[in-house]
Amino acid sequence: MAILHLWRTVRRISYVLYLARVPLWGSLFVAGAVSLPAQMPEVMRVLAADVRGSNALFNVWLHALFVGLMAWLTGLANWYWARVTLQAHMPRDWLLQRTVQRTCTWLPRAIGALPWLGLAACGWQARSGLTGVGAQWALGFTVGAVLMAGLLLYVLHLRRRMLEANTQRFGQAWIARTGRISLLGSIVTGALLLLWSTLDAVSMGQLLGAIALVLLSAFVFVPWVAALVHRGTPARVPVMRLLVAWLALISLLDLNDNHAVRTLPGAPQQPLAFDAAVRQWAARQPAGAEQPLPMIFVAAAGGGIRAAYMTAEVLAQLDARLPGFSQHVFAISGVSGGSVGAAVYTSALQHAGEGRIVAAPQAPISAVSGLSGHDCPLCPGSRGTLGADLFGPVVAAMLFRDAVQRFVPVPIPAWDRARAQEEALERAARRAMTNGQPTLLEDAITDLQQQASAVPRPALLLNTTWVEGGSRVAISSVSPPAEALTGLLTLADLAPASHVSLATAAMLSARFTYVSPAGRVGALTDPATGEVRKLRLVDGGYYENSGSATLLDIVRYAAREARNQGLNVLPVVIQIDNDPDTVIANPGERKLRPLPLQPAEPGFGELLSPIRTLLNTRSARGNHALADAEWQVRHGIQDAQGRSVEGVFVYMTLQNRRGAAKLPLGWQLSSIARRDIECQVAPRLAGAAPTASASGAGSGAGTPAALLVSLRLLAADNWGRLPTDAASGINQCVFGHDSMK
């Protein structure tokens, strides 16, 4: 009898959970979305790190109050629909059992409190890496969120006592009227937000913020879905199953695929031929140089906004510290965030050369690295562009206009969430570089080398991955010859009619996970069957995340072509990594990054091992490509005549430190995180300037010989972990004190 009673209790409680499934899923979505992704605590740090001065303090607390208001509305809406559903459809005889009765009472209340608990977890995680008033604010927000969850539970408890004391005044009519108000408010709010996200998702996302947008999405969608389920339950209409079936059907038929890549009007130009690009580079070099000319190649690894900021910062500081650096850069191979950083650097290089970038007013963040905006001409442009919020716009578009598109069987390209992120990047560059005028990011990538410019522009190869073919596909500003490439296709090979801007190409290289969708760039026809298949591209990191594989192909051919043109060149490869957990071996070893042996991940080993293997091979492939590039450059690249050319390999990376927050992979960085990257780059480049004796007699600053000496010094210094005193100095630079003590 006891087992039968237990079975009945479990069955009835399961039915309670089933009836309240829509608001339960909504609250779990909110709690998980604001606390589990590493990007969300960074969004909270953006607020906490800006608690300085009266105006900033007012804006921070105003935004916090707005987030709190959204949490109250979402929690109450989810509680209400859980309560109404249970009250309307729970069998009355089941409620006689005390356990079921308590579950029906407390489950809706817990559903209402879940958003606040998610915010509390987010605030607690945000404390890591903050000091002083910022850490106090994050702690205060965490405690406040926990208190608000308790207050919500207490208010709902008082409400029940009030209803029991006034059963005649607050009856079914009052409950029905409250439901209509909730549903009407949800529909009106959703319509306004859909319209706003359609017209300007960039301003919407940056003004409201990602956390508030997650709360608003639950407030908008949960009530009307719960209302449909509530109405369909008595008639035994499986509303949720019908919705899921509808979504599956139109997705299966690709009727709602609105992720066509944004293109520019007109037909694209052919990218500049590779040998012409080498001649263009040679024209920038000083005539009559006896010593080898450093021919610089850069590989920028992926890693979201962390990689973008790291790439742009390293290149901007190298440009400021080493005279003539940008003149000698031939090509940059980027992946994901590294592609974005390379594109921003190229644009900043162009507009700084035109004298259009001025030092940013927020000098404290720029000056901590030892180079202010006046000392580093490219820093204000790159830091201002990548310091903007590129995460809020894509969240705004994803949760509203693109979410509605999932239900609409007609594709609406303007609702593509990827476009919001591209527009956010372009607007940020306009503000930081050209005072509102169009930037180089808005020009076609195939025009970069074709257009005449007094400012040097490196050849860009922004790597993506072909979904249907699994190959690397580079969106390139030059046209590499087929014999120079090893298994690499270009966008011009697959979709010759695609005319994309530099910003679109960079963000297409950075479409990783489900936040950024696969971009459709055209279609291919099977010559045997005549079947037409869509052509989609995703993040280049799916294939190889370092950018080294593509770069090594280019290095071999470019060195040979330069020698054919009578130039004495020395290949220099700069690998910009950003993985703080990297373990570096000694220079010259074949295994550049031997990863420590990790214990087997627990749980579902048989089920998840194939998936884990596929994901980990991505990282391993990048490690092998990076190691191969390092070995080939240092031990000799064979040119067409079989001569060995020993080059220089410079490796740059970040590292975690005790007391510092882990840098996120999302698309928004707090001022603390930006300062962290700047302060880590500065000591790694501190020894770049050669002494007069080291550079040799007659080789002044700015000569190829002096530049080559500086690059050799960088290659020797940037191996392994920074010493303890350097790590302590970074903490002093970031926090104003040594947080390791």
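Per-residue answers, yes or no, for (1) open to solvent by 20 Å² or more (accessible area, probe 1.4 Å); (2) at pLDDT below 80:
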position: TYR651; (1), (2): no, no
position: GLY659; (1), (2): yes, yes
position: ALA688; (1), (2): no, yes
position: THR691; (1), (2): yes, yes
position: GLY700; (1), (2): yes, yes
position: LEU722; (1), (2): yes, yes
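Put simply, of ALA331, ALA308, ALA320 the only residue that is surrounded by fewer than 23 Cβ atoms within 10 Å (Cβ to Cβ) and of a type in the set (A, V, I, L, M, F, W, C) is ALA320. In the range 498-505, the count of residues that are open to solvent by less than 20 Å² (accessible area, probe 1.4 Å), of a type in the set (Val, Ile, Thr) and in a helix (DSSP H, G or I) is one or more. Checking LEU228, LEU247, LEU315 one by one, the residue that is under 30 Å from LEU69 (Cβ atoms) and either open to solvent by less than 40 Å² (accessible area, probe 1.4 Å) or part of a helix (DSSP H, G or I) (or both) is LEU228 and no other. Of everything in the range 510-527 that is touching a Leu at 6+ places or on another chain (Cβ under 8 Å) and modelled with pLDDT of 85 or more, the residue that is farthest from VAL261 (Cα to Cα) is ARG511. Can you find even one residue in the range 516-524 that is surrounded by fewer than 19 Cβ atoms within 10 Å (Cβ to Cβ), farther than 24 Å from GLY622 by Cβ and touching a Ser or Thr at 6+ places or on another chain (Cβ under 8 Å)? Scanning the range 516-524 turns up at least one residue that is surrounded by fewer than 19 Cβ atoms within 10 Å (Cβ to Cβ), farther than 24 Å from GLY622 by Cβ and touching a Ser or Thr at 6+ places or on another chain (Cβ under 8 Å).
Taken together, GLY469, GLY530 contain a single residue that is open to solvent by less than 60 Å² (accessible area, probe 1.4 Å), modelled with pLDDT under 85 and either assigned to a loop (DSSP other than H, G, I, E, B) or not basic (Lys, Arg) (or both), which is GLY530.
Scanning the range 472-483 for residues that are in a strand (DSSP E or B) and hydroxyl-bearing (Ser, Thr, Tyr) yields a total of 2.
Of all residue pairs spaced 6 or more apart or on separate chains, those with beta-carbon atoms under 8 Å, a first member in the range 338-357 that is in a helix (DSSP H, G or I) and a second member that is of a type in the set (Lys, Arg) and surrounded by fewer than 24 Cβ atoms within 10 Å (Cβ to Cβ) are THR346/ARG457; LEU349/ARG457; GLN350/ARG457.
Mind checking which residues of the range 274-288 are open to solvent by 50 Å² or more (accessible area, probe 1.4 Å) and touching a residue at least 12 places away in the same chain (Cβ under 8 Å)? Scanning the range 274-288 gives ASP275, ARG279, GLN280, ARG284, PRO286. When ASP257 is tested against (1) part of a helix (DSSP H, G or I); (2) open to solvent by less than 20 Å² (accessible area, probe 1.4 Å); (3) among the acidic types (Asp, Glu), only condition (1) is not met. Restricted to the range 380-466, the set of helices (runs of 4 or more DSSP H) holding at least 1 residues that are open to solvent by 50 Å² or more (accessible area, probe 1.4 Å) comprises 417-429.
The values are calculated or read from the model by the stated rules, or taken from the named source; none is laboratory data. What you are looking at is a predicted structure, and each value in this text was computed from that prediction instead of being measured. Neighbour counts run over all protein chains shown; Cβ positions are idealised from the backbone, glycine included. Each accessible area value is taken on the protein alone, full model and side chains, heavy atoms only, with ligands, DNA and RNA left out. Shrake-Rupley method; radii C 1.70, N 1.55, O 1.52, S 1.80 Å.
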